[in-house]
1. With respect to the numbered conditions (1) out of contact with any Phe, Trp or Tyr (no Cβ under 6 Å at 6 or more places or on another chain); (2) within 21 Å of Thr398 (Cα to Cα); (3) in contact (Cβ under 8 Å) with a residue 40 or more places away in the chain, which one is the sole condition not fulfilled by His374?
2. What is the residue count in region 217-271 for residues that are more than 23 Å from the chain's Cα centre (by Cα), within 24 Å of Met200 (Cα to Cα) and among the polar types (S, T, N, Q)?
3. From Ser171, Ser71, Ser117, which residue is within 25 Å of Ala51 (Cα to Cα) and either touching a residue at least 40 places away in the same chain (Cβ under 8 Å) or not assigned by TED's automatic domain parsing to the domain that holds Asp254 (or both)?
4. Looking at region 376-419 only, could you name the residues that are polar (S, T, N, Q) and within 24 Å of Ala46 (Cα to Cα)?
5. For region 24-109, please list each of the strands (runs of 3 or more DSSP E) lying entirely inside it that holds at least 2 residues being surrounded by fewer than 22 Cβ atoms within 10 Å (Cβ to Cβ).
6. In the list Asp254, Asp246, Asp233, which residue meets the criterion of being acidic (Asp, Glu), assigned by TED's automatic domain parsing to the domain that holds Met50, over 25 Å from Thr43 (Cα atoms) and in contact with a Ser or Thr (Cβ under 9 Å, 6 or more places away or on another chain)?
7. So Asp198 fits all but one of (1) in contact with a Phe, Trp or Tyr (Cβ under 8 Å, 6 or more places away or on another chain); (2) within 21 Å of Ile23 (Cα to Cα); (3) surrounded by 21 or more Cβ atoms within 10 Å (Cβ to Cβ); what number is the exception?
8. Quick check on this structure: which one of Leu276, Leu342 is buried (at least 21 other Cβ atoms within 10 Å of the Cβ), more than 28 Å from Ser82 (Cα to Cα) and at pLDDT 95 or above?
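The values are calculated or read from the model by the stated rules, or taken from the named source; none is laboratory data. Keep in mind it's a predicted model, so treat the numbers as computed, not measured. Cβ placement follows ideal geometry from the backbone for every residue including glycine, while neighbour counts extend to all protein chains displayed.
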Amino acid sequence: MLVIGLDCATPELLFGDERLTNIRRLMEGGCYGRLESVNPPITVPAWMSMATSMDPGSLGVYGFRNRSDHSYDQLTTANSRSFRDLTVWDQVARTGGRTHLIAVPPGFPPRRVNGVSIGCFLTPDPAKDTYTHPASAADEIKRLVGEYPVDVKGFRTNNKDWLRDEIYAMSRKHFEVVRHYLKNTEWDFFQFVEIGVDRMHHGFWKCHDPQHVLHEPGNPYREVIRDYYCYLDDELGRLLELLIEDTAVLVASDHGAHRLDGSFCINEWLVREGLLVLDGKPKQPTPFHQLPVNWAKTRAWSEGGYYARVFINVKGREPSGVIAKDDCVKFRDELAARLSALTDENGRPMATQVFKPEEIYRRVHNVPPDLIVHLDSLYRRSVGSVGHGMLHLRENDTGPDDCNHSLFGAFILAASNNPLRGEVQDARLLDIAPTLLELGGYDIPETTQGRSLLSGKKAGSSGGSPLSANAEETVRQRLSGLGYA
């Protein structure tokens, strides 16, 4: 099985361009469709939700940075060790299969698999840090491509010529490494993720989308995104030439993309509402962790990003909690209603969606946000800094950004034993793992929350006997002892 991950690829662009001949070849020989992501639809934790068929709450990871406890300053960055649940490649390993993982987020520290693992864009510095397993693979990669780029540093920039060229240079090296391991090593399961799609969307979406508020007709970069998809299609064709006939091929994205209409300063709003209290107003835009927060008077605060994570200062839970536990339900409902009623810069209602973790996740582990907020249905980002002097910004506080993530990515599945043909409706990211496992004849763990697209069987069913929760834990510990992470 070969899984080709295109981070942030949209169904509209992937399916709608007839120049993508290799993509269309796979579509015609298998099934395809829109792929509903998880909430939140962001790279971490979405790729791991796909690999485990578990939602972010069950995984206990709600984004790139998460509260490690109920203190106010312990935010930790998710990494490969943040996830301990059974993945597709763990099931392959149980039967002695060999796995290669290249840049599957989060891929640092590199996962110890029976094969090769190469770190993703979260690798701090591949020139200094051990970013491959085995470590000797880094020397092999250096002989192949020289310096190996895990990302484009500083991709939030207005220097568009430089950004375009850097993304292409990065992607070419990525695909050369992928081709090398496809062609010259033995493997049963191979997955890689190309982050260049995401970087292209964030850097050039306004150039190609006439509905973007900053779109300039006739701009010189209007075809950059579509041309990059054509480049990816050529690279895909080169990969397909290396495969044996019975290889199952999945092309998938973790989420989609759409235009960014602006940003909303969520903590600025909380300050104005008297819910976030500061000991002194900042004179310039200031990141949240640098604000003089009066925790003894603060009732709620937020972390910014593609979506807003809102936390309530609960008495007995947070160090200086204010809201009594008995009042917390009522307060959260009232806060959710106020957030749902937010308006744009012209006073028109935004289509803001507010979610309670326990209502959208099968289980809730670790420290979740009290509210998950999609501002204007993710057409606006959340700005966590304070001191802008306004609630609505055209840009965000982390640099130029043209798009936000959308809920629907895409998938194409082509395999000789795939009974499905044509467009598939209502496919979810959580359905991918059980689908691949059934396709390969592997057991589907009871922990999976999706269903196989091939048979429509519910999670936990397969051709073999399902594993009990205790048995899955035993297998997980055994795999960990053998060096699998």
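1. Just one mismatch for His374, condition (1).
2. Counting residues in region 217-271 that are more than 23 Å from the chain's Cα centre (by Cα), within 24 Å of Met200 (Cα to Cα) and among the polar types (S, T, N, Q) gives 1.
3. Ser171
4. Ser377, Ser382, Asn396, Thr398, Asn404, Ser406
5. Those strands (runs of 3 or more DSSP E) span 31-36, 65-67, 75-77.
6. Residue meeting the stated conditions: Asp246.
7. (1)
8. Details: Leu342 fails: buried (at least 21 other Cβ atoms within 10 Å of the Cβ).
Exactly one residue qualifies, and that residue is Leu276.
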